[in-house]
Each structure stands twice: as C-alpha cells, then as structure tokens.
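Before any comments, here is the structure.
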Amino acid sequence: MLAALLYGQEDLRLEQVPEPIPAEGEVVIQVGAATTCGTDLKVWRRGGHAKMLTPPTLFGHEAAGTIVAVGTGVTNWQVGNRIVANNSAPCMKCFFCQRQEYSLCPNLTWNNGTFAEYLKIPAPIVQQNMLRLPDELPFALAAMTEPLACVLHGVARSQVKPQDRVVVLGDGAIGLMFVAVLAAKAEVLLWGGNDQRLEIGKKLGASQTFNYHQVADIPGVVQALTEGWGADVVIEATGVPSVWEIAIACARPGATVNLFGGCPKDTTITVNTEKLHYSELTLKGVFHNTPEYVRAALSLIASRKIPFELLISEQRPLKDLEQVFADMKARQVIKVAMLPC
Ligand SMILES: [Zn+2]
Ligand SMILES: [Zn+2]
C-alpha cells in the first residue's frame, strides 16, 4: 500500500509498504479520510516529537475509515463498521489513570500512520478510544474528533463563565476550534496573523478579530476593550514561548490563562511574580485528550451544530501529501483532508 513515512526534518516520503495485518485485539481500517494538523506541521519541521513518535515512522494521526480486518479476540467490531480512532489510549492501570488523569498517563499507546491506504489500530485504542460513526457523517469531519477532543479538554480546564471575555491567541485549527466551542457562552476576541483564517473565526462566532501584523500591542488592545482590566480567560494556541508571555499579559486579575500550545523542547518563559501572586492568576497547562472528551468531540461533530467543515480548506489525494505540507508551511491551508485513492 501507499503510505507516508517521516524520516526526519522536513523529510516525508510516500513509499510502498506492506499492508498491516491485525494481531490479537487489533483492527485494520481502510482510511476514508485523514486530516492534516498543526502538530503534523510542527513534527515535520522539527523532525520528531518527544512523546508521539520517533523517525523513521509512519506518519499522520487524525483519521476515520472502515474496518477491513479484525484480529482474534475482537468481539464487538466487524468488517464494514465505519469508525474513528483516537491517536492514543491510556493504560488504565498507572498512578494517573487510577486518578482519572488519563492525559498524564506515562504509558499512552500512540498510533501514527493515517496518511496511508490502511491503518492498524492498536488494542488499547480499540478498547478505549475507537468509536462508531453515524451513517451519514462524512469521514473528513469525523477525522477531526482527535483535535476537537483536545480542545474540549482545554475548554473544560479553562473555567469560562457565561458572558466572560475570552482572548484566543492563534488562528490555526486549534485556536479556531476554541472559538467555535466558546462562542456559545462567552465573548471571544480572536488574534491571528491571517485575514482569511480570522474571517473563518468570525463565521465560527468570534465577536472581534485582530491581525497582529496590523495591531502590535495585543495586551494594550485587550485592556482597552475590558475597562483596563484584561480578559477573564486567555487561551494560548500557538506554541510560541513569547506568545505565552503575551497571553499572561492579556489576563485580568483573577483570570485563568490556558497555555495550550506546546512549545519547543527546553524553552522557558518569564513570569512577573508580583502579577502572578497579587493578581491571583491561574496559569494552566493542558495537554492532549481523554476518552471522555473523545466521545464528547464525536457527538459534537455529529450534531452538526458547529460548521467544522469550514476548517477543511480542501480535499487532496494522498499522492499530493508533500505539496500539502509545503502549503501548510506557507499557511495557505488550515486543514486538508487527505483521501487515499
Ligand atoms: Zn492533531
Ligand atoms: Zn496510565
């Protein structure tokens, strides 16, 4: 079958590899659609990821498709089932899993390889994090379950109250998903660097959008819009240390700052101790998702209450993958649904 392999920094190759065969507890799906992700771009540019993978490796982690083979011991799934599988599953046994802190599980089983014709789903994911799709739900929409699950996890940890003024920094798919989910109950101010994405942010419910190329003093503008106090909640969705510092500067006393975008290894930020202490800030790191949010994400997508299709810039055949990564690097597309035919 045709599959993408990541060899290192900006070195992604489409190659013929053997089709996967499911071992005990595993299933194999024919990929219906695999969506690209900001994390893929980051991993491709950095040539690896501390937790998810080590090159050379099959690549891509958001997909939905149809089961074509089941391993021994798999009882409640059949060939022909349409499914989405999260890219990880917790062990359910460790210190953190026993405390229901599944995203902190040090034994997460990761799965990569969605940019391919077929994808093997490991047994822990089959058991914990594989879900059946409603008949009419397109694969490309269902494939966004994983990033949306991360966002719902982030929203749940952000302590947003009705009518809060929330600043979202970052107009990538994750920032835009935060906008879409939070706009239902809060006033969302979205900052990004790309007018087309900011326009989509408006369609998803942002009450105001700002291009940081045109308005440089982000905390100043936020204060001017909030009687000088700052935002009730700030969501950082870029993964750039200097933007983490800007996020903290945008916060009002008593605010929660969700530092959601993962920064490069070994980077640090500086926090003013006086502001942190006397302003009673909550600085919250939030990583990845849990089985609860994977389920919540699929049901939100399937409800069709939010037009998540706005995040899919285009559909492309798998053979165009290298070009698609170049387009992502140039920020010409948000998400692309790769179709393996
Ligand atoms: Zn992703
Ligand atoms: Zn665990």
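A short reminder: the numbers here are calculations on the coordinates, not readings from a lab. If you're wondering where the values come from, they're calculated on a predicted model, not measured in any experiment. We place every Cβ from the backbone using ideal geometry, glycine too, and count neighbours over all the protein chains shown.
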Hey, what number do you get for the chain at 222 nm if only DSSP H runs of n ≥ 4 count, each worth -39500 (n - 2.57), divided across all residues, to the nearest 500? -8000 deg cm²/dmol
Whole-Å semi-axes of the ellipsoid equivalent to the chain (Cα gyration tensor, √5λ, descending): 35, 21, 19
At most 12 other C-beta atoms within 10 Å and a DSSP loop state: those are the exposed GluC sites (Glu not before Pro) I care about. Give me the longest piece of the chain that has none. 25-135
For helix 145-156, report the angle its Cα long axis makes with the longest principal axis of the Cα atoms of the chain; keep it between 0 and 90° and round to the nearest 10°. 30
Output the pairs from K185/K335; K51/K305; K185/K265; K275/K305 with a Cα-Cα distance over 28 Å in this structure; if there are none, say none. K51/K305; K185/K265; K275/K305
Phi to ³J(HN,Hα) by Karplus 6.51 cos²θ - 1.76 cosθ + 1.60 over the stretch 125-131, Hz, x for Gly, Pro: 6, 4, 6, 9, 9, 10, 10
For the pair N272 and V333, how long in nm is the line joining their label points, each one 7 Å along Cα→Cβ? 4.3
Are there chymotrypsin sites (Phe, Trp or Tyr not before Pro) in the stretch 274-341 that DSSP marks as loop and that have at most 16 other Cβ atoms within 10 Å, and which are they? F287
Mean Cβ neighbour count within 10 Å, used as a protection proxy, ranking 73-82, 253-262 highest first: 253-262, 73-82
When only Cα pairs under 8 Å and 6 or more residues apart are kept, what is the percent relative contact order across the stretch 136-286? 21
For a quick check: with amide H placed at 1.01 Å from N, whose amide H comes under 5 Å from A251's, ignoring anything fewer than 5 positions away on the same chain? A231
For the stretch 3-44: relative contact order, % (alpha-carbon pairs under 8 angstrom, 6 or more apart): 37
With x for Gly and Pro, the residue-by-residue ³J(HN,Hα) of the stretch 248-263, computed from phi through the Karplus equation 6.51 cos²θ - 1.76 cosθ + 1.60 at θ = phi - 60° and given in whole Hz, is 5, 5, 7, 8, 7, x, x, 6, 9, 10, 9, 8, 8, x, x, 8
Charge sum, other residues only, whose C-beta stays under 14 Å from V160's C-beta, Lys/Arg counted +1 and Asp/Glu -1: +3
Quick check: pseudo-label points 7 Å beyond the Cα along Cα→Cβ at S242 and Y7, how many nm apart are they? 3.4
Report, in debye and to the nearest 20, how large the dipole of the stretch 288-333 comes out about its Cα centre when Lys and Arg carry +1 and Asp and Glu carry -1 on their Cβ. 120
Only four residue types carry charge here, +1 at the Cβ of Lys and Arg and -1 at the Cβ of Asp and Glu. Report the dipole size of the stretch 25-111 about the Cα centre in Debye, rounded to the nearest 20. 240
